[in-house]
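A.B. asks: Sharing a structure here in structure tokens format.
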Amino acid sequence: MIDQLLHGNVAFVTGEFKPNEDYYQAIATQQRPKVLWIGCSDSRVSEHQMTGSKPGTMFVHRNVANIVAFNDVNISAILEYGVVHLKIEDIIVCGHTRCGGIAAIEDGVHENYIADWLCIATGAKEAADRIALERGLSRDEKLAVLTEENVKLQIKHLRNLALIKNMHAKGSLPRIHGWLYRVETGTIDVLVDGRQGGAAPGLTALA
């Protein structure tokens, strides 16, 4: 696999970097990303590939189940650098279907660190439990609901962080978006449309 990756780099240099060398030299001197992406670490989920964007477009943070943790210095530093120093105006929280982290939230997990991390999504599990009971959902249907509820919960966490809360007290930036990537089709559903200040048409607004 390592050899395959190195051969892939040679193909990238030949087929992409060299033909677009002016662009890559421009971003080599300074990055000016337009979006801060908070996504899942899942190997099937590539933010640049799914959006057809080039390097230099997005400032990226990924973790298990695209969680925004209150006590995570890593994500706090990324947020501060992104919105304060890079002047990023749009933040996307993107979940995805068939997420192992989401299944672990539903089923429970015994590994210490993973369990501690996923307990941050407890609110999403409680919401999905309630909805599944009310609607009589199957397991797969409930996992789909839990995936969406987790995106909405992490946006709520994001909005409650002091940095973002203080910025929103002064204006509408940064705009916050909630997306769902479908690994089965490659398509993106907009759950929360930050351009409109709320949920996409036909979808439940963030509580």
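The values are calculated or read from the model by the stated rules, or taken from the named source; none is laboratory data. Only a predicted model underlies this, so the values are computations on that prediction, with no experimental measurement involved. All Cβ positions, glycine included, derive from the backbone under ideal geometry; neighbour counts span all protein chains shown.
A.B. asks: If I filter region 71-94 for residues that are at pLDDT below 95 and of a type in the set (Asp, Glu), do I get at least one hit?
C.D. replies: So far as region 71-94 goes, yes, one or more of its residues are at pLDDT below 95 and of a type in the set (Asp, Glu).
A.B. asks: Please find, within region 155-186, the residue that is farthest from Ile92 (Cα to Cα) out of those that are part of a loop (DSSP other than H, G, I, E, B) and hydrophobic (A, V, I, L, M, F, W, C).
C.D. replies: Of everything passing the filter in region 155-186, Val183 is farthest from Ile92 (Cα to Cα).
A.B. asks: Shifting gears a bit: Quick check: anything in region 38-57 within 21 Å of Met167 (Cβ to Cβ) and at pLDDT 95 or above?
C.D. replies: Yes, there is a match, as at least one residue in region 38-57 is within 21 Å of Met167 (Cβ to Cβ) and at pLDDT 95 or above.
A.B. asks: When only residues in region 61-113 that are of a type in the set (S, T, N, Q) and assigned to a helix (DSSP H, G or I) count, which is nearest to Ile176 (Cα to Cα)?
C.D. replies: Ser76
A.B. asks: Can you list residue pairs whose Cβ atoms sit under 9 Å apart, with the first residue in region 162-178 being farther than 18 Å from Val192 by Cα and modelled with pLDDT of 95 or more and the second being assigned to a helix (DSSP H, G or I) and small (Gly, Ala, Ser)? Count only pairs 6 or more apart in sequence or on different chains.
C.D. replies: Leu163/Ser76
A.B. asks: Looking for something under 23 Å from the mean Cα position of the chain (by Cα) and loosely packed, with under 14 Cβ neighbours inside 10 Å - is there at least one such residue anywhere in region 7-22? Even if it seems obvious, please write down each step before you answer.
C.D. replies: The initial filter retains those residues of region 7-22 that are under 23 Å from the mean Cα position of the chain (by Cα), namely none.
No.
A.B. asks: May I pose another question? Just checking, does region 20-34 include any residue being within 19 Å of Gly82 (Cα to Cα) and touching a Phe, Trp or Tyr at 6+ places or on another chain (Cβ under 8 Å)?
C.D. replies: yes
A.B. asks: Residues of region 35-60 being part of a loop (DSSP other than H, G, I, E, B), over 11 Å from the mean Cα position of the chain (by Cα) and among the β-branched types (Val, Ile, Thr), which ones?
C.D. replies: Once the filter is applied, which keeps residues that are part of a loop (DSSP other than H, G, I, E, B), over 11 Å from the mean Cα position of the chain (by Cα) and among the β-branched types (Val, Ile, Thr), region 35-60 yields only Thr57.
A.B. asks: Surrounded by fewer than 19 Cβ atoms within 10 Å (Cβ to Cβ) and more than 26 Å from Ile188 (Cβ to Cβ) - does that describe any residue in region 31-51?
C.D. replies: no
A.B. asks: Looking at this structure, is Leu143 among the aliphatic types (A, V, I, L, M), in the same structural domain as Met58 (by TED's automatic domain parsing), within 26 Å of Thr57 (Cβ to Cβ) and touching a helix residue (DSSP H, G or I) at 6+ places or on another chain (Cβ under 8 Å)?
C.D. replies: no
A.B. asks: Here is a follow-up. Might you check whether a residue that is touching a residue at least 60 places away in the same chain (Cβ under 8 Å) and not polar (S, T, N, Q) occurs anywhere in region 58-67?
C.D. replies: Checked against the condition, which is being touching a residue at least 60 places away in the same chain (Cβ under 8 Å) and not polar (S, T, N, Q), region 58-67 yields at least one hit.
A.B. asks: Please state which one of Asp140, Asp189, Asp116 is part of a strand (DSSP E or B), among the charged types (D, E, K, R) and free of Cβ contacts under 8 Å to residues at least 24 places away in the same chain.
C.D. replies: Asp189
A.B. asks: Further, regarding this structure: Going through Ile92, Ile114, Ile88 one at a time, which residue ends up being in contact with a strand residue (DSSP E or B) (Cβ under 6 Å, 6 or more places away or on another chain), more than 16 Å from Val151 (Cα to Cα) and among the β-branched types (Val, Ile, Thr)?
C.D. replies: On inspection, the qualifying residue turns out to be Ile88.
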